[in-house]
Amino acid sequence: MIRLYENGVWLLNGTQLMTNEEMLRGGAADPEQGRKGTMAWSILDAHNTSGSMDALRIKFDKLTSHDITFVGIIQTARASGLEKFPVPYVLTNCHNSLCAVGGTINEDDHMFGLSAARRYGGVYVPPHQAVIHQYAREMLAESGGMILGSDSHTRYGALGTMAVGEGGPELVKQLLGQTYDIGRPGVVAVYLTGKPAKGVGPQDVALAIIGAVFKNEYVKNKVMEFVGPGVANLSADFRIGVDVMTTETTCLSSIWQTDETIREFYQIHGREESYRELKPAAAAYYDGCVYVDLDKVEPMIAMPFHPSNTYTIRELKENLEDILAATEEAAKVSFGAKVDFSLRSKIRGGDLMVDQGIIAGCAGGGFENICAAADILQGRFIGADAFTLSVYPASTPIYRELALNGRLASLIESGAVVKTAFCGPCFGAGDTPANNAFSIRHSTRNFPNREGSKVQNGQIASVALMDARSIAATAANGGRLTSAAEMDVEYTGPVYHFDSKIYANRVFDSHGKADPSVELVMGPNIKDWPVMQPLPENLLLKVVSEIHDPVTTTDELIPSGETSSYRSNPLGLAEFTLSRKDPAYVGEAKKVQLAQKAIENGEDPAAALPEAGQVLRAVAEAFPQAVPSGKADGRTPGALGIGSVIYAVKPGDGSAREQAASCQKVLGGWANIAGEYATKRYRSNLINWGMLPLTCAAGVDDLPFRKGDWLLLPGIRKVLAEGRMPEAYVIRDGALTKTELTMGALTQDERQIILDGCLINYNRQE
């Protein structure tokens with residue numbers, strides 16, 4: 001089904017794979033020259049402003065955000081002098097669109113977005129019209145273009161657009177005319193051959209790939225380039241469904257070869273001028289290859305609590321007790337004894353009983369997925385038991401077409417509930433299941449807590465990812481887990497007709513014209529960022545949280561769901577930091593922050609935090625120049641800064657949300673320490689909020705520090721400015737012990753952002 005090449009490969013004429021050794025036997029082979037033959041190279045080269053492909057400085061063509069990110073982005077850019085959006089910027093409202101939590105604050109954010117689109121010259125998509133990525137596919141994507149979005153699933157590679165999901169500060173840079181700076185990424189071929197079997201959908205192919213590449217980091221921070229003869233056997237919707245899930249591999253971006261199928265997609269959407277053919281050169285070199293035999297892909301399931309925890313549905317059913325027991329055991333790493341989590345209790349008569357099915361969002365809500373589900377459910381009924389099925393078309397144009405072609409009526413007759421375009425089920429803000437319920441979803445993620453459960457309150461539910469077809473088959477079987485391959489169904493494959501009038505009549509489009517006379521509508525929950533200090537000369541950090549899970553997601557660093565209503569209020573949101581992972585964190589971080597505030601007020605930090613007294617005496621004895629002196633004024637670095645730091649084995653998997661980092665900074669965090677960072681975007685968020693992205697090579701069993709220890713980074717400001725690695729000392733019981741921490745490569749601009757204290761300060765200095 002999936003095979004990974006150990007080394008780089010050549011692709012000849014778009015069809016033939018050869019190793020470098022095979023190429024050398026046939027004559028000269030220059031991988032560096034061959035890299036220029038990839039589609040990724042040509043697109044990056046066209047958008048690079050540095051003149052060097054080794055140190056890219058990218059300017060994107062378009063930007064996208066949704067309603068739990070655009071307020072903070074615009075507020076940050078506004079604090080730095082924003083006057084006009086320099087490129088098309090689309091503000092969609094698909095995350096907080098229910099407006100059901102926290103009084104008026106969600107709709108206040110929407111009104112802020114509309115006023116910002118008018119004032120700065122953007123596009124505003126009202127709630128329930130489209131999820132962010134479907135609107136981008138329908139109205140923004142263009143072959144050979146690049147789009148930056150403040151959502152991790154910003155992926156439009158199937159349409160020939162290289163798209164990147166990043167934290168909000170990277171969009172701020174684009175709004176201020178700055179660049180997206182990265183080293184040249186590796187490019188891995190995803191070579192498709194064959195044709196999917198009946199009942200196999202895009203989520204099945206995506207999960208098979210994720211299961212093969214996530215844990216070994218085969219494509220981490222690289223570009224996945226989809227090539228090979230199998231591409232032509234996939235519809236546009238199928239390709240889109242695979243493409244959007246590439247985020248879960250931790251790749252940087254994706255790009256696909258384009259053909260007449262994609263030309264037709266653009267024609268259907270009235271934008272044929274946005275199409276051009278993309279394909280690799282006659283000889284292109286890749287840093288690796290994921291070989292996918294589509295013929296052999298079976299209906300898949302990703303068991304809780306990660307998209308990479310994959311099995312074929314057949315394999316799961318054949319080994320049900322063992323796999324469920326293994327899933328329960330793995331969950332103990334995150335949950336411990338906080339909840340009674342049981343999946344084996346769902347076994348009835350040898351089958352796994354499911355409580356809920358959802359087909360939704362940028363992954364599941366496509367036209368073909370929903371039509372296939374309707375075909376399976378035609379004449380069948382989900383029954384009157386506990387099982388429920390919800391379907392969310394990804395855009396109003398899709399919803400309209402389902403109504404016109406009869407699939408909407410068919411779904412409703414089956415007992416399914418068809419709702420409007422909304423991302424809630426993907427991040428815990430909609431269709432929260434009952435305690436200990438098991439949900440199957442054609443959505444993007446199944447991380448712990450993401451479906452809405454609260455472990456600290458004894459509430460737990462779990463999500464498995466599946467394709468819409470197998471979800472519908474399970475629904476037709478009354479909630480008994482069923483593969484679509486088990487169903488004898490004739491798929492009708494109706495033609496899609498796109499009606500642009502829906503958007504023309506409802507979406508505000510400034511066509512790039514700003515109107516400075518428009519005042520921003522500022523609801524009472526929309527707050528400015530608090531003042532953040534520049535990096536001090538020396539740092540004293542208390543380790544206030546240790547997380548030993550193999551991977552820590554952004555949902556665990558800052559929960560999703562109801563907290564989304566506070567994304568426009570930095571201080572309010574910070575109260576939720578690590579609340580579902582380490583509930584003591586906020587209180588501990590605030591205690592340490594009192595010492596820093598004392599320094600800023602010219603007071604004794606030991607009086608504010610008594611435990612700091614012994615630590616400060618140890619610092620003064622070893623490094624007398626590091627002790628506090630003078631009053632910090634927010635512009636001039638102090639001699640000593642006191643703050644907090646967290647350690648996690650591998651933090652930052654998942655969402656692009658900048659708040660996973662900014663909330664720590666608001667609470668006085670100055671750094672993270674990790675074995676490694678799960679994604680580039682999380683590390684970028686740390687940097688843009690003025691936090692040191694430290695790494696520690698030691699394993700969790702032999703860490704030189706523990707929660708409650710203090711770390712001293714003497715001369716850190718000078719060290720960072722000079723591009724050197726920091727010295728670090730663990731302080732315990734009044735004694736200093738030298739240890740080793742590193743930061744990895746930082747650009748000159750990234751170093752300066754940390755020195756200034758955050759991106760806002762950096763831009764104010766500029």
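The values are calculated or read from the model by the stated rules, or taken from the named source; none is laboratory data. The model shown is predicted, which means the values in this text are computed figures rather than measured ones. No Cβ is skipped: glycine too gets one built from the backbone with ideal geometry, and neighbour counts run over all protein chains shown.
Return yes or no: is LYS513 charged (D, E, K, R), out of contact with any helix residue (DSSP H, G or I) (no Cβ under 8 Å at 6 or more places or on another chain) and not assigned by TED's automatic domain parsing to the domain that holds LEU712?
For LYS513, the condition - charged (D, E, K, R), out of contact with any helix residue (DSSP H, G or I) (no Cβ under 8 Å at 6 or more places or on another chain) and not assigned by TED's automatic domain parsing to the domain that holds LEU712 - is met.
Residue check: is VAL242 at pLDDT below 95 and out of contact with any strand residue (DSSP E or B) (no Cβ under 7 Å at 6 or more places or on another chain)?
Spelling it out, it is not the case that VAL242 is at pLDDT below 95 and out of contact with any strand residue (DSSP E or B) (no Cβ under 7 Å at 6 or more places or on another chain).
Could you check region 465-480 and list, in sequence order, the residues that are crowded, with 24+ Cβ neighbours inside 10 Å and in a strand (DSSP E or B)?
Residue satisfying the conditions is LEU465 alone.
Listed residues LEU736, LEU711; which is at pLDDT 95 or above, closer than 30 Å to ARG617 by Cβ and over 28 Å from the mean Cα position of the chain (by Cα)? Lay out the reasoning, then the answer.
Numbers: LEU736 fails: at pLDDT 95 or above.
When all the criteria are applied, what remains is LEU711.
If a residue has to be in contact with an Asp or Glu (Cβ under 6 Å, 6 or more places away or on another chain) and part of a helix (DSSP H, G or I) to count, how many in region 120-131 make the cut?
0
Taking the condition in a helix (DSSP H, G or I), touching a helix residue (DSSP H, G or I) at 6+ places or on another chain (Cβ under 6 Å), buried (at least 24 other Cβ atoms within 10 Å of the Cβ) and not acidic (Asp, Glu), does HIS153 pass?
no
Would you call ASP488 in the same structural domain as GLU401 (by TED's automatic domain parsing) and either in a loop (DSSP other than H, G, I, E, B) or within 28 Å of ARG450 (Cα to Cα) (or both)? Don't jump to the end; show me each part of the working.
Details: in the same structural domain as GLU401 (by TED's automatic domain parsing): yes; either in a loop (DSSP other than H, G, I, E, B) or within 28 Å of ARG450 (Cα to Cα) (or both): yes.
Taking the combined requirement at face value, the residue satisfies it.
What number of residues within region 44-68 satisfy the criterion of being of a type in the set (Val, Ile, Thr) and within 19 Å of MET139 (Cβ to Cβ)?
Within region 44-68, the first condition is being of a type in the set (Val, Ile, Thr), and the residues that meet it are 49, 58, 64, 68.
Right, trim to within 19 Å of MET139 (Cβ to Cβ) and you get 64.
Within region 44-68, residues that are of a type in the set (Val, Ile, Thr) and within 19 Å of MET139 (Cβ to Cβ) number 1.
Here is a yes/no grid of residues against (1) buried (at least 23 other Cβ atoms within 10 Å of the Cβ); (2) modelled with pLDDT of 85 or more; (3) within 19 Å of VAL297 (Cβ to Cβ):
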position: VAL463; (1), (2), (3): yes, yes, no
position: THR482; (1), (2), (3): yes, yes, yes
position: MET487; (1), (2), (3): no, yes, yes
position: PHE508; (1), (2), (3): no, yes, no
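Here's a check for you: in region 538-574, which residue that is surrounded by fewer than 20 Cβ atoms within 10 Å (Cβ to Cβ) and of a type in the set (Asp, Glu) is modelled with the highest pLDDT?
GLU546
Taking the conditions exactly as written (at pLDDT 90 or above, under 28 Å from the mean Cα position of the chain (by Cα) and either closer than 30 Å to ASN216 by Cα or surrounded by fewer than 23 Cβ atoms within 10 Å (Cβ to Cβ) (or both)), does THR577 satisfy them or not? Quick ask: steps written out before the conclusion?
Details: at pLDDT 90 or above: yes; under 28 Å from the mean Cα position of the chain (by Cα): yes; either closer than 30 Å to ASN216 by Cα or surrounded by fewer than 23 Cβ atoms within 10 Å (Cβ to Cβ) (or both): yes.
In short, yes.
When you scan region 305-317, how many residues do you find that are closer than 21 Å to SER334 by Cα and touching a helix residue (DSSP H, G or I) at 6+ places or on another chain (Cβ under 6 Å)?
Residues that pass the stated criteria total 3.
Looking at THR742, THR747, which is the one that is in contact with a strand residue (DSSP E or B) (Cβ under 6 Å, 6 or more places away or on another chain), surrounded by fewer than 19 Cβ atoms within 10 Å (Cβ to Cβ), free of Cβ contacts under 8 Å to residues at least 60 places away in the same chain and polar (S, T, N, Q)?
Just one listed residue meets the conditions, THR742.
Looking at LEU402, LEU411, LEU377, LEU352 in this structure, which one is touching a strand residue (DSSP E or B) at 6+ places or on another chain (Cβ under 7 Å) and either in the same structural domain as SER439 (by TED's automatic domain parsing) or buried (at least 20 other Cβ atoms within 10 Å of the Cβ) (or both)?
Unique residue meeting the criteria: LEU411.
Would you mention how many residues in region 70-94 are within 16 Å of ASN569 (Cα to Cα) and under 19 Å from the mean Cα position of the chain (by Cα)?
Selection size over region 70-94: 4.
Would you tally the residues in region 292-308 being modelled with pLDDT under 95 and closer than 19 Å to HIS153 by Cβ?
Count: 4.
From the list TYR135, TYR89, TYR120, pick out the single residue that is closer than 20 Å to LYS527 by Cα, modelled with pLDDT of 95 or more, among the hydroxyl-bearing types (Ser, Thr, Tyr) and touching a helix residue (DSSP H, G or I) at 6+ places or on another chain (Cβ under 9 Å). Reasoning before the result, please.
Values: TYR135 fails: closer than 20 Å to LYS527 by Cα; TYR89 fails: closer than 20 Å to LYS527 by Cα.
Testing whether each residue is closer than 20 Å to LYS527 by Cα, modelled with pLDDT of 95 or more, among the hydroxyl-bearing types (Ser, Thr, Tyr) and touching a helix residue (DSSP H, G or I) at 6+ places or on another chain (Cβ under 9 Å) leaves just TYR120.
Which residue out of GLY199, GLY149, GLY157, GLY113 is within 26 Å of ALA360 (Cα to Cα) and free of Cβ contacts under 8 Å to residues at least 60 places away in the same chain? Break it down into steps so the answer makes sense when it comes.
Values: GLY199 fails: free of Cβ contacts under 8 Å to residues at least 60 places away in the same chain; GLY149 fails: free of Cβ contacts under 8 Å to residues at least 60 places away in the same chain; GLY157 fails: free of Cβ contacts under 8 Å to residues at least 60 places away in the same chain.
None of the others qualify; the one that does is GLY113.
Picking from ALA232, ALA236, which residue would you name as being surrounded by fewer than 18 Cβ atoms within 10 Å (Cβ to Cβ) and farther than 17 Å from ILE2 by Cβ?
Among ALA232, ALA236, only ALA232 is surrounded by fewer than 18 Cβ atoms within 10 Å (Cβ to Cβ) and farther than 17 Å from ILE2 by Cβ.
Identify, from the list ILE74, ILE68, the residue that is at pLDDT 90 or above and buried (at least 22 other Cβ atoms within 10 Å of the Cβ).
ILE74
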